[in-house]
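Notes to accompany the following structure.
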Amino acid sequence: MSLNLSVRIDPHSGFCFGVIYAIQMAEDILDEQGYLYCLGDIVHNDEEVERLEKRGLRIIDYATLAGLRGEKVLIRAHGEPPSTYQMALQNDLTLIDASCPVVLKLQNRIKTSYDRKDKIFIYGKHGHAEVQGLLGQTRGDAVVFENLDELLRHELPANITLYSQTTKSTDSFYRIKNELETRGYQVSANDTICRQVSNRDLELRRFAAEYDQVMFVSGTKSSNGKVLYQACKDTNPNTHFISKVDELDAAWFRPGQTVGICGATSTPMWLMEDVRDALLRL
């Protein structure tokens with residue numbers, strides 16, 4: 001018996017412009033030369049990475065990069081520290097730089113702060129590719145923290161220069177700033193959060209509230225995916241996190257229900273469309 005579900009994809013979900021730009025650059029070069037090296041996953045979505053690998057994308061790490069000579073290498077939207085550019089010069093590598101403009105602007109601001117001898121604290125995820133690029137602007141001197149508790153475990157200076165990874169929650173960033181000021185610290189807060197990402201939070205909450213069930217489609221490595229999934233789940237408890245079509249479970253649905261499909265800034269539209277098509281077949 002068909003469940004006869006009514007299914008709609010959130011028109012605002014899917015790749016942000018930084019990811020669209022990086023993938024377009026990769027596809028153009030793959031069309032030209034049939035292969036391309038990419039430093040790290042081009043996007044935090046295994047399904048999309050697999051699609052591009054079939055077209056000739058070769059995901060490499062720093063150890064492999066060190067051994068390459070005379071090749072083209074894509075820098076993904078997350079950006080890279082200065083050391084990567086130095087290695088490229090030494091190894092005669094051509095960098096195809098698809099760093100997101102929002103990330104590049106943030107890197108430049110942090111570098112300027114560092115040159116001024118500011119005490120820099122970065123709200124972000126330890127080890128995240130973007131954060132590594134930001135840390136590199138300070139020669140590793142900035143302090144990265146994931147939450148207020150972790151920050152307060154540090155011996156803090158009277159004057160704090162606060163930055164954020166571009167995909168963090170604006171609410172959390174300002175809560176941290178306000179708490180520090182309440183405790184008597186002077187805070188120079190640089191809100192460098194990408195509005196295309198932070199505005200999605202509100203858009204997704206509105207979207208999730210409209211449906212009986214919500215399918216949140218995202219790669220498990222996506223930081224932004226975890227944050228946006230939680231926003232949906234808080235709004236609509238019937239929100240399910242899936243990273244591919246075969247994770248759908250027919251037992252979640254009742255006949256005639258409305259289902260909304262949405263995703264992270266690293267979720268390809270074709271994957272959400274595949275999920276929609278599978279739901280319509282139930």
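The values are calculated or read from the model by the stated rules, or taken from the named source; none is laboratory data. Just so we're clear, the structure is a prediction, and the values are computed from it rather than from any experiment. For neighbour counting, all protein chains shown are included, and Cβ atoms are generated from backbone atoms with ideal geometry for every residue, glycine included. Just so you know, the surface numbers come from the protein's heavy atoms only, side chains and all, with ligands and any DNA or RNA stripped out. Shrake-Rupley method; radii C 1.70, N 1.55, O 1.52, S 1.80 Å.
Full-extension gain between T112 and K54, please, as 0.36 nm times their residue separation minus the C-alpha to C-alpha distance.
16.8 nm
For the range 17-99, the solvent-accessible area works out to 46 Å² per residue, with a probe of 1.4 Å and every protein chain left in place.
Using all pairs of distinct alpha-carbon atoms, the Kirkwood hydrodynamic radius of the range 115-239 works out to 15.8 angstrom.
Surface composition of the range 17-99: carbon plus sulfur atoms contribute 50% of the solvent-accessible area (1.4 Å probe, protein chains only, all chains present). Surface composition of the range 102-193: carbon and sulfur make up 42 percent of the accessible area, probe 1.4 Å.
Our summary gives the chain a relative contact order of 25 percent, counting only alpha carbon pairs under 8 angstrom and 6 or more residues apart. Kirkwood analysis of the Cα pair distances in the chain returns a hydrodynamic radius of 20.3 Å. For the pair T258 and N199 in one chain, pulling the backbone fully straight at 0.36 nm per residue adds 18.8 nm over the alpha carbon distance.
Find how much the distance from D191 to Q24 grows on full extension, using 0.36 nm per residue of separation minus their present alpha carbon separation; answer in nm with one decimal.
Computed gain between D191 and Q24 is 57.3 nm.
So, R0 is 35 Å and r is the distance between the beta-carbons of H154 and R8; what FRET efficiency does that work out to, to 0.05? E(calc), rounded to 0.05, equals 0.15. The residues of the range 183-245 have, on average, 44 Å² of accessible surface per residue, using a 1.4 Å probe with all protein chains present. Normalised by residue number, the volume inside the convex hull of the Cα atoms of the range 17-99 is 81 Å³ per residue.
In the chain, helical runs assigned H by DSSP with n ≥ 4 each contribute -39500 (n - 2.57); averaged across all residues and rounded to the nearest 500, the mean residue ellipticity at 222 nm is -13000 deg cm²/dmol.
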